[in-house]
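**Student:** The structure that follows is given in the form of structure tokens.
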Amino acid sequence: MLHGFDYLRQQYSQLAKPPGASQSVTSTVQTLADRLSKQDESVTIEDRKAAVLSLKGLSRDHNRLVGRIALAPLLTSLQRDSSDEEVARALVECCITLCEVQTAESQTPTNPKKKVEPGPPLGLQHADIFLSEPGPLHALLPLLAPKRAFYTRFASLQLLGALLRLRPSRVQDHVLVAPGGCGAVLECLSEGAGSSAEIVRNEALLLLPHLVHANADIQKLVAFEGAFEKLLDICAVEGRVEGGVIVQDALEGLESLLRYNVSNQNYFRETLSIPMLAPLLFYPPPPPPPSSLGPNNARQAEQEYARQLEAFAFQEWDHQKVTNARLVIGIAGLLVGGQGEGRKANQQALAQSGMTRCLFELALASTAPDTLKSQSLNVLSSLLKASSANQELLSTLLVCPIQALPAPQANLQAGGDPERQDHGLAASNRPSSEFQRHHHHHHPHQLQPTLTRLPARPAILSLIGTAVNGTENKESLGVRVAALACFESFVADNLEARLAILGTMTPPASQGDERATPDPNASDGRPVSAGSLLLEGLIRSPGTESAGVSARFDAYKYLLSSFLFSHLIRGSETAKRAAREIAITAKGETIKRVIKDDSGEEEEDDDEDGVASIIQVIVGNLTQAERELSEAVRRERGGVVATATNPGGSSQGRATANDWTRVMTGYLVCLSTWLWDSPLSVRDLLSESSNLQVLIQPVAQSSGVDPMIQALCAFLLGIAYEFDSEPGQVAITRKTMHPILHSRIGSDQFATRLTRLRDDARFSEVGPDVFERICNQEVDLEILRARLEANENHSGQDQDALVEEKVGGGAGGGNKEVASSTSPPSDSAGLGPGLESEETESDEESRRRRRIGFWFDWSFVEFWKNNFVMVQKSILVDPASSSANHAAASTELLDAQRQMEGFKETIAKQIKEIEALEKRLEAMTQEKVEETTRLGNKLEEEERKGKEVLTRLGELEAEMERVKAEKEKASVEDSERRRRLEVKVEEAEAARRSWEEKAWGLEARLSEREKEMEGLRKEREEKAGPSEREEELGRKVKELEGARKEREEELGRKVKELEGARKENEEQVEQRVKELEEVRKENEDLLVLLEEISSKRKKEKALLRNGGFEVSEDEEEEEEEEE
């Protein structure tokens, strides 16, 4: 609109360039501001209008200058001159320009020399000035009245929205005190037909969520002004969930009024708005009772209801319709999010309005996308909690699930069902656009399937089938975990439903049993019931499925089956007893055992050889999964399976280590839940000693085993030890288990294994909203795929690759990992051509959670955290007691027990010390005995040697006496001989002298008489013979004397040697005697010490005996016998 443009240009030119002088922008703005500020009559409304229009034009190029100088006058003019439409519109549009916060790119100056001033954005500063007082905002709200012009109202809504985005809390405070403030906004929603009125209404719809956000007071005021009726009327007029983005805005406004506001939720129920939710999803209302109609009318009403229900099941779904339907279902979820009386009333109202059945039909028997089904099941889980009406509805509800069939089979189905053709429904049995898109996305080379409705079956059967086997889209995990959550709420406080499902696990008595429903997927056509379907997924050997190469291994089937069964028996010994009565024969058939009494003993039956309980079958499957896990780890280490490209599973049917870990997790969770506070179930587990070895082996290994599996096995061992309190004939008892756990694992290692689970991301990331987060993650994936489909610059194949790269692997079904997200991505993600926007921190967190996948539900995590400490300390308790008894003991008793334990430890320590001292004393006594024996033997040897020496000495003395006697005799003989020799020598000397005298006298005669001389010479020679004999005799005497002297010397030497040996022997004997004396004294000291220790031990035993402890009497009896 260019009204008044010529006038504006003329006035602006005159003000900008006054005649005769050049005027600056600052002076111009100041002049215009002064004109708005004047209160006298000289400034007319036309002048102020011109000033406002001029400032509006200048605000685009000189935003800071106009805001600094003229914003206050503009606000004054808004409060004073808003009655004029043109002035009011110009003022509001000028304020919009001043309060606009520019983006980072728009703030970049085109002139490089111009610097961007630091500080908060100009729009934010101007908004603070606008909201510094409530007057300007109070003047703005009346401009929303229907009597004002369209452009004024539209601009006012835009300005109010801009202020709410910048300073929401301050705007809400001003609106609360403004007269009719909330009503002015709601009047914009009550517009009639016409393009301008719809534009105002749509703008008000966008404004409403921002206005009521996080402010309960405004939410109440808006609700009491009739916002619920207006918003629901808009949804109905625009075509309900098919109404496009307008319905989305209305539903978002309705959601913002109900979120976190219990008062509005109750008011929503009191205004009878809840019955209007189901029709928004095109769910037909139930027909009136036949009694109020005639027979023909009642039949026509039933047929019409069936036709509408068929149309509801086969309706088509596009992205916008799914978004709107999610908002409707989310509103129903808000109404049952509390925990008090309001929640109960809302559950009853939703059940009576048909919304509960609508959600069941949508989740279990429709062509809705999996994201919508998962959200419906999550809301149903809240609807079923502690609500007997909704639980009864699920118990009796029959649904007709939809199955995709190939084209030829579908033609046969359609041709063989004339009744359905008569209803004109054959043409509607085609996949929805959402299903076709998703099917073509994952199976581009397959023919489009045709959908058909199966015969009616119990809704609980379809619910369990959805959790165990999934939907047609095997990639979706959200539907399966949502079905698990719904089942948990259904059986949480419903023992009758638990026993009913457990009762259907055994085959029916006859084929006409109403508990069973023919299974169209079974090759043998056997009937299937809810219990048998659940039990099949629990007891079926996972190795049989993983053996196939063409089929994809579904690890979640065993995980979710275990979780479903654990919810059936959790916290109910009656349900656990019913489960123990179920047995599996060697042929795989299910039978019911008869138990005599609560002792758990079965009736003997010779025909039941090879029958195993469910616990034994689960342990067997656990053992097989453990072996398969080891084999898978070896394969992956060898590079046979490339898990890096498919971390959640294998696309070729071979199970990965991650799959087997998930299977083992399900079995261990089920066993832990079953054995908790159930001694008879523990007896069933411990009836075979090999079962204990299966659990101990992973915990005892130091490496090569997943820490999570080790923690779960340790947790199960602790439960088995804690609750093994029922006497009976079993292979392993609590008393025998205690030393095994301490020797194979140890208390420290046991505690470490359990503590490590808390740090595992697969466990620590699980929260109460784990199911909702997984479903929201799949919604994120669908949103990204929808945006990529709208992108014209990428082909379908590139889109899929980019989605998988952006989202981090996609939603995991049987083999792909799925995590959850807290909120869908915002529109600011910037997903343009090529998906070149940077990933935010939330994207990284979402991708990390998706890689983790689904491992635990919150019920088990909460159960584990509540009982972790007791199980951790269970193996420290004596087998004769239990942790529960310790927890129930009083403080005095615990203190006495603690002191008693201290006394026991002290006594045990002292006993050990006494035993050590006794052993030491015994060893020392033995050493002393051996030393005494050795010294005695040595002494005897020395005495023997001494005796031999003495004997030898006596012999030597006798020999010496003999030698002395012989010496004396020889001396006497020598003296006699010497005397005789001396006599003879003297005689010879005398004879010689005489002969010499004669020789001298005869010398003269020698010469004369030669003959005489010869004769004389002969004579003399004859006389000379006795001289030689004397010399020889002297020589012999000398020799005898020398021999005698030598003999005497030798005898003296021998006597000295004997004396020295005798003295040495005497010294050695004295030394040995001294040593023996010392040993005797030490023995006497040790005997005194032993006597003191024995007396002390007797006193301690007497104290123990007085304290009531058992003391052995063996040692005392031995002492008495010795005495």
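The values are calculated or read from the model by the stated rules, or taken from the named source; none is laboratory data. Not measured: the values here are computed from a predicted model. Counting neighbours? That spans all protein chains shown, and the Cβs are built from the backbone with ideal geometry, glycine included. Ligands, DNA and RNA are stripped out before the accessible areas are found, and what is left, the full protein with its side chains, is counted by its heavy atoms. Shrake-Rupley method; radii C 1.70, N 1.55, O 1.52, S 1.80 Å.
**Student:** Taking the stretch 453-502 only, how many residues are part of a helix (DSSP H, G or I), touching a strand residue (DSSP E or B) at 6+ places or on another chain (Cβ under 7 Å) and either of a type outside the set (A, V, I, L, M, F, W, C) or more than 23 Å from Pro369 (Cβ to Cβ) (or both)?
**Tutor:** The number of residues fulfilling the criteria is 1.
**Student:** Considering the stretch 300-319 alone, what residues qualify as being touching a residue at least 60 places away in the same chain (Cβ under 8 Å) and either in a helix (DSSP H, G or I) or more than 51 Å from the chain's Cα centre (by Cα) (or both)?
**Tutor:** Gln303, Ala306, Arg307, Glu310, Ala311, Ala313, His319
**Student:** Would you confirm whether any residue within the stretch 380-391 is crowded, with 16+ Cβ neighbours inside 10 Å, assigned to a helix (DSSP H, G or I), out of contact with any Lys or Arg (no Cβ under 7 Å at 6 or more places or on another chain) and at pLDDT below 50?
**Tutor:** no
**Student:** Report, by residue number, each residue of the stretch 693-728 that is open to solvent by 10 Å² or more (accessible area, probe 1.4 Å) and over 21 Å from Glu573 (Cα atoms).
**Tutor:** Gln693, Val694, Gln697, Ala700, Gln701, Ser702, Ser703, Gly704, Val705, Asp706, Pro707
**Student:** So, in the stretch 658-676, how many residues would count as being farther than 25 Å from Ala575 by Cβ and of a type in the set (Ser, Thr, Tyr)?
**Tutor:** 1
**Student:** Pairs under 6 Å by beta carbon, first residue more than 18 Å from Gln352 (Cα to Cα) in the stretch 285-299, partner assigned to a loop (DSSP other than H, G, I, E, B), six or more apart or different chains?
**Tutor:** Partner pairs satisfying both residue conditions: none exist.
**Student:** Please determine whether any residue of the stretch 933-956 is at pLDDT 80 or above, under 21 Å from Leu1090 (Cα atoms) and either of a type in the set (Ser, Thr, Tyr) or in contact with a His (Cβ under 9 Å, 6 or more places away or on another chain) (or both).
**Tutor:** No; the residues of the stretch 933-956 include none that is at pLDDT 80 or above, under 21 Å from Leu1090 (Cα atoms) and either of a type in the set (Ser, Thr, Tyr) or in contact with a His (Cβ under 9 Å, 6 or more places away or on another chain) (or both).
**Student:** Is one or more of the residues making up the stretch 1027-1048 open to solvent by 50 Å² or more (accessible area, probe 1.4 Å), under 60 Å from the mean Cα position of the chain (by Cα), at pLDDT 70 or above and of a type in the set (A, V, I, L, M, F, W, C)?
**Tutor:** Checked the stretch 1027-1048: no residue is open to solvent by 50 Å² or more (accessible area, probe 1.4 Å), under 60 Å from the mean Cα position of the chain (by Cα), at pLDDT 70 or above and of a type in the set (A, V, I, L, M, F, W, C).
**Student:** Next question, about the same structure. For the stretch 662-690, enumerate the residues that are open to solvent by 10 Å² or more (accessible area, probe 1.4 Å), among the polar types (S, T, N, Q) and part of a helix (DSSP H, G or I).
**Tutor:** Ser689, Ser690, listed by residue number.
To keep it simple, each residue is scored yes or no on (1) under 21 Å from Lys230 (Cβ atoms); (2) assigned to a loop (DSSP other than H, G, I, E, B); (3) within 51 Å of the chain's Cα centre (by Cα).
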| site | (1), (2), (3) |
| --- | --- |
| Asp128 | no, no, yes |
| Leu160 | yes, no, yes |
| Arg170 | no, no, yes |
| His174 | no, no, yes |
| Cys182 | yes, no, yes |
| Ser190 | yes, yes, no |
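**Student:** Hey, Arg962 hits all of (1) modelled with pLDDT of 70 or more; (2) over 17 Å from Arg1044 (Cα atoms); (3) of a type outside the set (Asp, Glu) but one; which does it fall short on?
**Tutor:** The failed condition is (2).
**Student:** Let me ask something additional. Consider the stretch 434-490. How many of its residues are among the aromatic types (Phe, Trp, Tyr) and modelled with pLDDT of 80 or more?
**Tutor:** Count: 2.
**Student:** Would the stretch 314-324 turn up any residue that is open to solvent by less than 50 Å² (accessible area, probe 1.4 Å), more than 30 Å from Ala216 (Cβ to Cβ) and among the β-branched types (Val, Ile, Thr)?
**Tutor:** The answer is yes, given that some residue of the stretch 314-324 is open to solvent by less than 50 Å² (accessible area, probe 1.4 Å), more than 30 Å from Ala216 (Cβ to Cβ) and among the β-branched types (Val, Ile, Thr).
**Student:** Further, regarding this structure: Quick one: which helices (runs of 4 or more DSSP H) lie wholly within the stretch 696-786 and hold at least 1 residues that are among the β-branched types (Val, Ile, Thr)?
**Tutor:** Answer list for the stretch 696-786: 707-722, 734-744, 747-758.
**Student:** Further question: Among the residues of the stretch 357-370, write down those that are farther than 18 Å from Arg457 by Cβ, open to solvent by less than 10 Å² (accessible area, probe 1.4 Å) and not in a loop (DSSP other than H, G, I, E, B). Working first, answer last.
**Tutor:** Step one: filter the stretch 357-370 for residues farther than 18 Å from Arg457 by Cβ, giving 358, 368-370.
If we keep only those that are open to solvent by less than 10 Å² (accessible area, probe 1.4 Å) as well, we get 358, 368.
Of everything in the stretch 357-370, just one residue is farther than 18 Å from Arg457 by Cβ, open to solvent by less than 10 Å² (accessible area, probe 1.4 Å) and not in a loop (DSSP other than H, G, I, E, B), namely Cys358.
**Student:** Next question. Go through Leu350, Leu335, Leu327 for me and flag whichever is modelled with pLDDT of 95 or more and surrounded by fewer than 24 Cβ atoms within 10 Å (Cβ to Cβ).
**Tutor:** Leu327
**Student:** Among the candidates Lys1081, Lys1074, Lys1054, Lys1096, which residue alone is of a type in the set (D, E, K, R) and at pLDDT below 70?
**Tutor:** On the way: Lys1081 fails: at pLDDT below 70; Lys1074 fails: at pLDDT below 70; Lys1096 fails: at pLDDT below 70.
Residue meeting the stated conditions: Lys1054.
**Student:** Quick one: how many residues across the stretch 490-504 are open to solvent by 10 Å² or more (accessible area, probe 1.4 Å) and either farther than 26 Å from Ile582 by Cα or under 26 Å from the mean Cα position of the chain (by Cα) (or both)?
**Tutor:** Residues flagged as open to solvent by 10 Å² or more (accessible area, probe 1.4 Å) and either farther than 26 Å from Ile582 by Cα or under 26 Å from the mean Cα position of the chain (by Cα) (or both) within the stretch 490-504 amount to 1.
**Student:** Okay, next question. Identify all residues within the stretch 728-737 that are at pLDDT below 90 and in contact with a helix residue (DSSP H, G or I) (Cβ under 8 Å, 6 or more places away or on another chain); write none if there are none.
**Tutor:** Scanning the stretch 728-737 gives Gly728, Val730, Ala731, Ile732, Arg734.
**Student:** Among the residues of the stretch 140-148, is there at least one that is among the small types (Gly, Ala, Ser), open to solvent by less than 40 Å² (accessible area, probe 1.4 Å), modelled with pLDDT of 95 or more and on the phi < 0 side of the Ramachandran plot?
**Tutor:** No, the stretch 140-148 has no match at all.
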